[in-house]
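Participant: I'd like to ask some things about the structure below.
Bear in mind these aren't lab numbers, they're just calculated from the coordinates by the rules spelled out. Not measured: the values here are computed from a predicted model. For neighbour counting, all protein chains shown are included, and Cβ atoms are generated from backbone atoms with ideal geometry for every residue, glycine included.
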Amino acid sequence: MRKSSYQQLIDGLAGISAPEEMKRQFEELIRRSAALDGVTGLERSERVQFARHLLDLREPRATIRDRLMTRYEIGRTQAYQVIEKALQLSGFPDGNRTEAGSNQASK
């Protein structure tokens, strides 16, 4: 299967009415199957949407990182990758939009 097919399967998990543990197990099965086909880099769109929502609320990246790490039990690097993807999808500049000094007047 192609990467897009695996991604659609993972994205569809959010809409399934099932216990979270079952969803996680099914996601792991999908990822293992994808790995056997040589497909890597699958993202859970739920994580990106959550990060995007927090960006829209103007939360600092460090706060978003911490919330992603806690909620989805992911590492620091993966949390920042999710934030970067959310920034790209949101169309926000990659600069200091959510950093503490971002409210300074432009020159």
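Participant: How would you rank Val39, Val48, Val82, going from fewest to most other Cβ atoms within 10 Å of each one's own Cβ?
Facilitator: Values: Val39 18, Val48 22, Val82 25.
Least crowded to most crowded, the residues run Val39, Val48, Val82.
Participant: Please give the contour-minus-distance gain from Thr70 to Leu57: 0.36 nm per residue of separation, less the Cα-Cα distance, rounded to one decimal in nm.
Facilitator: 2.8 nm
Participant: In nanometres, what is the gap between the two model label sites at Arg32 and Ser4, each 7 Å from Cα along Cα-to-Cβ?
Facilitator: Taking the simple label geometry, Arg32 and Ser4 are separated by 2.8 nm.
Participant: Now a separate question. What trypsin sites (Lys or Arg not before Pro) does the stretch 1-66 have in DSSP loop regions with at most 11 other beta carbons within 10 Å?
Facilitator: Working: sites: Arg2, Lys3, Lys23, Arg24, Arg31, Arg32, Arg44, Arg47, Arg52, Arg58, Arg61, Arg65; in loops: Arg2, Arg44, Arg58.
The qualifying sites are Arg2, Arg58.
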